[in-house]
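**Student:** Next up is a structure, given as structure tokens.
No value in this document is a laboratory result; all are computed from the given coordinates. Please read these numbers as outputs of a predicted model, since none were measured by experiment. Positions of Cβ are generated from backbone atoms using ideal geometry, with glycine treated the same way; all protein chains shown enter the neighbour counts.
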Amino acid sequence: MSTIKEHDLHLFNSLSGEKEAFTPLHSTHVGMYVCGPTVYSDVHLGNVRTFTSFDLVFRYLSHLGYKVRYVRNITDAGHLENDADEGEDKIAKKARLEQIEPMEVVQKYTVGFRDVMRAFNNLPPSIEPTATGHIVEQIELIKAIIKAGMAYEVNGSVYFDVEKYQQEGGDYGQLSGRRIEELIHNTRQLEGQTEKRSPLDFALWKNASDAHIMRWPSPWGIGFPGWHLECSVMSTKYLGDQFDIHGGGMDLKFPHHECEIAQCHAGKGQRPVRYWMHGNMLTLNGKRMSKSTGNTVLPEELLTGKSPHLSKGFSPSVVRFFMMQAHYRSVLDFSDEALKAAEKGFTRLMEALNRLDKLQATGKELDTDLEDWRKRAYAAMDDDFNSPILISVLFEAVPWINSVADRKKEISQAQLDLLRSVIKTFVEDVLGLERPDDAANSDVLDEVMEVLIELRRGARIEKNWALSDAIRDQLAAKGIRLHDAADGSTWTIDG
Ligand code: AMP
Ligand code: ZN
């Protein structure tokens, strides 16, 4: 697609705290960076939610005709325990515990992460760079920040000087809405951090102790890069020193994203991101799903239902639908009941799509303004990617489809084409909802049902009510409902 569809997209910019009209830097191209996973363990459904939220953004922008370069990194070094500047590297620790190479840990969980993303129908990003693949660039950015006078070296480590940055016109704290004085007051003086000039300063480069196995040479000695630095480097390397959208979960706003802004601003002279977008958390029992507390459900447990939080297994499509039923900026609480409700809704929608495939136009118009309906679907997405409103608009089509399928109403060919194209666009392309296999493989079922309906019609002609009722009741017992009309019978599966 070369032209951008006419639209009026607004998105909530965390930096201004307001919904803003979206105007990309280069009219037809969009650069988007999303913080990827730290690959030291299996991703949980909370992580999946954030990546799925940005998959929706990626899909919609692409649908509008933008050429989107979507960069989502893999953190394979530098992310220390407790997201702090001290402690063991998360990946190195796992490698030590499992007695394998750190890169074996990275490989295992990167492959697992990609499998999960595919299962949830998240499209692959355009570029998936790794921190270890960009050590040289990270060292270069540190040099630039030192040159600009906003970082200092102590004992082979380099720290970002937040106070100096503020004096030079920086606005550390703006994104997260925190005030510097409060931050200084609240920052714990962790042991070993005494080499920092201020507790707010953060590591750009850390000197590696002998025990630290992930290490690289640098102008400051053997060490490893700070966690925040990789995202500054990989985003700007592939998207330019200033780019359109940067995303991640809310929990990354501070300090991670705040530090990203400061590093780029200090080393490259401009603030890197025009629109900051933050997805809200998936909670379990009202508490954030999190690796460290063990309050999680893993994708594997979801499929098998083998989790104390689940009574049965659920398909990734149902969970994707469940996630899309909430706005990406709202907290979403995960529960068995909520998933069961989502499953019902999802089945009803998929059922209607199967019936839509088989609909036939007659000459007459459906008494509904489908053009207005189409506009409202776009308006929902243009309003900060409001997928729950979009889904409610799409559901308006279910009774239309059912009444035409049950021959209670008619539809013209032009209307049917419009209906199909809007449904395909939003359900499949934008929301990324896949029809479950059993629906996709429903051809055989269709044929069997045709045979049964024909047998029953014969029975009715012969006034063999016992057989005709037996066919109807036995099908009903299996959840298949027959609908009799003057010109024949149709059927649906109970949702
Ligand atoms: P991590 O691998 O811990 O760096 O997290 C990868 C992504 O998942 C980040 O964007 C986090 O903000 C996000 N994330 C972590 N926990 C949750 C949660 N409970 N709900 C939604 N997103 C989360
Ligand atoms: Zn990041």
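**Student:** Can you give the charge dipole size of region 112-173 about its Cα centre, rounded to the nearest 20 debye, using +1 on the beta carbon of Lys and Arg and -1 on the beta carbon of Asp and Glu? Spell out each step's value before the answer.
**Tutor:** On the way: 5 positive and 9 negative charges, 46 e Å.
Roughly 220 debye for region 112-173.
**Student:** When the C-alpha atoms of region 1-155 are aligned to their principal axes, what extent does each axis show, in angstrom, from largest down?
**Tutor:** 54, 45, 28
**Student:** Quick check on the chain: helices-only [θ] at 222 nm, where DSSP H runs of length 4 and up contribute -39,500 (n - 2.57) each and the sum goes over total residues. Nearest 500, please.
**Tutor:** Details: 18 runs with 214 residues, N = 495.
Computed mean residue ellipticity for the chain: -13500 deg cm²/dmol.
**Student:** Could I ask something else about it? Determine, for Phe202, Phe334, the number of other Cβ atoms within 10 Å of each Cβ, and report the residues in order from fewest to most.
**Tutor:** On the way: Phe202 25, Phe334 22.
Lowest count first: Phe334, Phe202.
**Student:** Could you name the aspartates and glutamates in cross-link range of Lys94, using Cα to Cα under 15 Å and dropping any fewer than eight places away on the same chain?
**Tutor:** Within the straight-line cut-off, Lys94 pairs with Asp42, Asp76, Glu81, Glu104.
**Student:** Between Asn155 and Ala477, what length in nm is gained on full extension when 0.36 nm per residue of separation is reduced by their alpha carbon distance?
**Tutor:** On the way: separation 322, 0.36 × 322 = 115.92 nm, distance 7.54 nm.
Between Asn155 and Ala477, full extension yields 108.4 nm more.
**Student:** List every residue whose amide H lies under 5 Å from the amide H of Asp42, counting only residues 5 or more places away in sequence or on a different chain, with H placed 1.01 Å from N in the peptide plane.
**Tutor:** Those lying under 5 Å, H to H, from Asp42: there are none.
**Student:** In 5 Å bins starting at zero, report the fraction of Cα pairs in region 257-382 per bin as a rounded %.
**Tutor:** Distribution as computed: 2, 8, 11, 14, 14, 11, 11, 10, 8, 6, 3, 1, 1, 0 percent.
**Student:** Past the 24 Å Cα-Cα mark, which pairs from Lys164/Lys206; Lys143/Lys237; Lys5/Lys375; Lys291/Lys312; Lys358/Lys463; Lys90/Lys164? Intermediate values should be presented prior to the final figure.
**Tutor:** Working: Lys164/Lys206 20 Å; Lys143/Lys237 16 Å; Lys5/Lys375 12 Å; Lys291/Lys312 22 Å; Lys358/Lys463 30 Å; Lys90/Lys164 30 Å.
In this structure, Lys358/Lys463; Lys90/Lys164 exceed 24 Å between Cα atoms.
**Student:** Right, something else. Starting with the highest mean, order 165-175, 286-296 by the number of other Cβ atoms within 10 Å, averaged over the residues of each peptide.
**Tutor:** Details: 165-175: 16.8, 286-296: 14.7.
In decreasing order of mean packing, 165-175, 286-296 become 165-175, 286-296.
**Student:** Oh, and also: Output needed for region 81-134: three equivalent-ellipsoid semi-axes, defined as square roots of 5 times the C-alpha gyration tensor eigenvalues, in descending order, whole Å.
**Tutor:** Numbers: eigenvalues 115, 41, 25 Å².
Equivalent ellipsoid of region 81-134: 24, 14, 11 Å, largest first.
**Student:** Order of Val106, Val444 from fewest to most other C-beta atoms within 10 Å?
**Tutor:** Details: Val106 24, Val444 8.
Ordered by Cβ neighbours within 10 Å, fewest first: Val444, Val106.
**Student:** Would you compute the Debye intensity of region 30-114 from its alpha-carbon atoms alone, equal scatterers and no solvent, and pass along log10 I(q)/I(0) at q = 0.19 Å⁻¹ to two decimals?
**Tutor:** -0.87
**Student:** Please list, ordered by chain and number, the residues whose modelled amide H lies under 5 Å from the amide H of Thr130; skip anything fewer than 5 residues away on the same chain.
**Tutor:** Ile74
**Student:** With θ set to phi - 60°, apply the Karplus curve 6.51 cos²θ - 1.76 cosθ + 1.60 along region 406-420 and write out the HN-Hα couplings as whole Hz, x wherever there is a Gly or Pro.
**Tutor:** 7, 6, 8, 9, 10, 8, 8, 4, 5, 5, 4, 4, 5, 4, 5
**Student:** Further question on the same structure: Mind ordering 315-325, 22-32 by average Cβ neighbours within 10 Å, highest first? List each step's numbers first, then the result.
**Tutor:** Working: 315-325: 22.4, 22-32: 17.1.
In decreasing order of mean packing, 315-325, 22-32 become 315-325, 22-32.
**Student:** If the reach is capped at under 15 angstrom between alpha carbons, list the aspartates and glutamates near Lys340, excluding any in the same chain fewer than eight residues apart.
**Tutor:** Filter leaves Asp494.
**Student:** At a 10 Å Cβ-Cβ cut-off, how would you order His483, His257, His246, His185, fewest neighbours first? Don't skip to the end; give the middle numbers.
**Tutor:** Numbers: His483 14, His257 24, His246 28, His185 9.
With the fewest neighbours first, His483, His257, His246, His185 line up as His185, His483, His257, His246.
**Student:** From the residues Thr38, Gln174, Ile411, which one has its Cα farthest along the dipole of the chain in the positive direction, the dipole being from +1 and -1 charges on Cβ of Lys/Arg and Asp/Glu about the Cα centre?
**Tutor:** Result: Ile411.
**Student:** Just the C-alpha atoms of region 1-48: what Rg/Rh do they give, with Rh taken as the Kirkwood radius? Intermediate results must be reported in sequence, preceding the final value.
**Tutor:** Values: Rg = 15.7 Å, Rh = 14.1 Å.
We get a ratio of 1.11 for region 1-48.
**Student:** For Val154, enumerate residues with amide H under 5 Å from its amide H, sequence gap 5+ or separate chain, H modeled in the peptide plane.
**Tutor:** Residues meeting the amide H criterion: Tyr159.
**Student:** Here's a follow-up. Convert each backbone phi in region 361-370 into a coupling constant with the Karplus relation 6.51 cos²θ - 1.76 cosθ + 1.60 (shift: θ = phi - 60°), then list the ³J(HN,Hα) values in order as whole Hz, x for Gly and Pro.
**Tutor:** 7, 10, x, 7, 7, 6, 7, 9, 7, 5
**Student:** If you don't mind, there's one more thing I want to ask. Ranked highest first by the average count of other Cβ atoms within 10 Å around their residues, in what order do 67-77, 140-150 fall?
**Tutor:** Working: 67-77: 22.8, 140-150: 18.8.
Ranking the peptides 67-77, 140-150 by packing returns 67-77, 140-150.
**Student:** Using only the Cα atoms, what convex hull volume per residue in Å³ does the chain have? Could you put the intermediate results ahead of the total?
**Tutor:** Numbers: hull volume 77.3 nm³, N = 495.
Hull volume over Cα atoms, normalised by residue count, gives 156 Å³.
**Student:** Just report the Cα centroid separation between region 74-149 and region 19-40, whole Å.
**Tutor:** About 20 Å separates the Cα centre of region 74-149 from the one of region 19-40.
**Student:** Rounded, prolate or oblate for region 259-330? Axes are the square roots of the Cα gyration tensor eigenvalues, ordered a ≥ b ≥ c, and the cut-off for rounded is a/c under 1.5.
**Tutor:** Working: a/c = 3.28, a/b = 2.36, b/c = 1.39.
The shape class here is prolate.
**Student:** How high is the relative contact order of the chain, in percent, with contacts defined as C-alpha pairs under 8 Å that are six or more residues apart? If you can, show how the numbers build up before the last one.
**Tutor:** Values: 754 pairs, mean separation 78.3, N = 495.
This gives 16 percent for the chain.
**Student:** Could you size up the charge dipole of the chain around its Cα centre, putting +1 on the beta carbon of Lys and Arg and -1 on that of Asp and Glu, and report it in debye to the nearest 20?
**Tutor:** The calculated dipole for the chain is roughly 220 debye.
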